Amino acid sequence: MKYSFDRMTDRRGTGSLKWDVPERELPMWVADMDFETAPEIIEALRKRVEHGIFGYCVVPEDWYEAYQSWWGRRHHLEMEKDWLIFCTGVVPAISSTVRKLTTVGENVLVQTPVYNIFFNSIRNNGRNILESPLVYDGREYSIDYEDLEEKLANPQTTLMLLCNPHNPVGKIWDRETLARIGELCAKHHVLVLSDEIHCDLTDPGYEYVPFASVSPVCRDNSITCIAPTKTFNIAGLQTAAVMVPNPVIRHKLNRGLNTDEVAEPNAFAVEAAVAAFQKGEAWLEELRVYLSENKAYVREFIEHNLPDIKVVPSQATYLLWLDCGGIAEDAEELVSFIRKDSGLYLTEGKEYGACGKAFIRLNPACPRGRLEEGMRRLEESVKRYKDGH
């Protein structure tokens, strides 16, 4: 392999949200990888630093071309330049969408368990969270279409936040599923915002399907949030894009992003994105293999050493969703015990909706040696937890 992901990085004392923890703790919670970004991105940023002037910036032509080329080549979606709007992040874009395209007191639908910050973007703006829980059969998740349509048909429901691929369960929604969601939303006059930030982090051999690529109905009734940040571990650079094919929706959202002052790049946001999409593909291909092997290691370890825990099958994201129902009905106590006992810092499933209360989310995107230490801590703590219960 050309790139090394085994090097043990030290992120303490760097202002890292993930690693702002006591010395003995090992964080495997927030979706942030412990790998240095692609060397090609670092080199682009180095050249930008050497220029020495960091004034106000515009969004140049090569930024648009980088997104268009990447999505056309890798995801079979031909974007028009006018569809793209720069944004400082996917979450700011979601919050701006909620504020600009819905009204206080309306319902925003989410499919739980789902990315917990969706709840903040809805609740903090005075809208109602409307959950349509995914169906869990003890192994994997599917959609309850009867429940979904019933809630979309509510006249107070005006926006659906779709997670594609789905975080935290690692599900890639197929074309037929996305088409059905799109048709139901259009039928009931509900706009779709598709969060596709994890789209490039699929296991080798798997591809995601962009919601807007499925049909004219999906394309013309949707907002898609995309970014290189999760894929290339550059979230701190605040760089993303919103793709809106429908010109009326795009105009409204563009005004919302500008009103919220989240539509202007910092001095490094454009260079990092362009370098990622133009020069980072080889790095990404090796990363996908490494992440897949890490996820396989966790599955095998838990199967052999912690048989009371089930790992939900995952084809996308670098996150794993652990069913701990065989140990605890509510994983909040279990997560708290593990952190106090061994210092392993995980995320309780209830943060992703009430239906996730028996689950834990684990982030294995780190050097294998660190992951092995995390699994050792998990095994020891779970056994001590069970001994005490």
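Relative contact order of the range 292-389: what whole-number percent is it, with Cα pairs under 8 angstrom and at least 6 residues apart?
28 percent
Using the beta-carbon distance between R24 and K47 and R0 = 41 Å, what value does 1/(1 + (r/R0)^6) give for FRET efficiency, to the nearest 0.05?
Step by step, r from the Cβ atoms, then E = 0.55.
For the pair R11 and E264, how long in nm is the line joining their label points, each one 7 Å along Cα→Cβ?
Result: 3.0 nm between the two label points.
Find, among the GluC sites (Glu not before Pro) in the range 310-389, those assigned to loop by DSSP (not H, G, I, E, B) with at most 12 other beta-carbon atoms within 10 angstrom. Before the final figure, lay out each step's value.
Values: sites: E329, E332, E333, E348, E351, E372, E373, E379, E380; in loops: E329.
Within the range 310-389, the qualifying GluC sites (Glu not before Pro) (loop, at most 12 other Cβ atoms within 10 Å) are E329.
What is the set of long-range amide H partners of T157 at a cut-off below 5 Å, with H atoms built 1.01 Å from backbone N?
N107
If you plug each phi of the range 76-84 into the Karplus form 6.51 cos²θ - 1.76 cosθ + 1.60 with θ = phi - 60°, what whole-Hz ³J(HN,Hα) values come out, in order, with x for Gly and Pro?
Coupling constants for the range 76-84: 6, 10, 8, 8, 8, 3, 5, 6, 9 Hz.
Can you work out ³J(HN,Hα) from phi for every residue in the range 298-310, in order, using Karplus 6.51 cos²θ - 1.76 cosθ + 1.60 and θ = phi - 60°, giving whole Hz and x for Gly and Pro?
Per-residue couplings from phi come out as 4, 4, 5, 4, 5, 4, 8, 10, 9, x, 6, 9, 10 Hz.
Could you list log10 I(q)/I(0) for the range 105-218 at q = 0.15, 0.19 Å⁻¹, which the Debye formula gives when each Cα is one point scatterer?
-0.63, -1.02
Here are some values of Rg and Dmax of the Cα atoms in Å: (i) 21.3, 69; (ii) 20.7, 61; (iii) 20.5, 70. Which one was computed from this structure?
(ii)
What residues have an amide H closer than 5 Å to that of L344, excluding those fewer than 5 places away on the same chain, when H is modeled at 1.01 Å from N in the peptide plane?
Those qualifying (amide H under 5 Å, at least 5 residues apart or on another chain) are L26.
For the range 33-117, what is the accessible area per residue in Å² when the probe is 1.4 Å?
It amounts to 45 Å² per residue over the range 33-117.
So what's the gap between the Cα centers of the range 324-389 and the range 245-315, to the nearest angstrom?
Spelled out, the Cα-based centre of one part sits 23 Å from the other.
Roughly how many nanometres apart are two label points built 7 Å out from the Cα toward the Cβ at N125 and A282?
4.2 nm
Compute the relative contact order of the chain as a whole-number percentage, counting only Cα pairs closer than 8 Å that sit 6 or more residues apart in sequence.
Dividing the mean separation by the residue count of the chain yields 24 percent.
Output ³J(HN,Hα) for the range 265-281: one whole-Hz value per residue in order, computed from phi by the Karplus curve 6.51 cos²θ - 1.76 cosθ + 1.60 with θ = phi - 60°, and x for Gly and Pro.
Per residue, the Karplus-derived 3J(HN,Hα) values read x, 7, 5, 10, 5, 6, 4, 5, 5, 4, 4, 4, 7, 8, 10, x, 5 Hz.
Okay, helix-only estimate at 222 nm for the chain: each DSSP H run of n ≥ 4 adds -39500 (n - 2.57), divide by all residues, round to 500 deg cm²/dmol; what do you get?
Value at 222 nm, helices only: -12500 deg cm²/dmol.
Highest mean first, what order results for 181-187, 77-83 on Cβ atoms within 10 Å?
181-187, 77-83
Looking at the chain, send over the antiparallel percent of its DSSP beta bridges, to the nearest 5. Spell out each step's value before the answer.
Numbers: 19 of 38 bridges.
Counting DSSP beta bridges with both partners in the chain, the antiparallel share is about 50 percent.
The values are calculated or read from the model by the stated rules, or taken from the named source; none is laboratory data. Remember, it's a predicted structure, so these values are computed and weren't measured experimentally. Cβ coordinates were reconstructed from backbone atoms using ideal geometry, including for glycine residues, and neighbour counts include every protein chain displayed. What goes into the accessible areas is simple: the full protein's heavy atoms, side chains included, and nothing from ligands, DNA or RNA. Shrake-Rupley method; radii C 1.70, N 1.55, O 1.52, S 1.80 Å.
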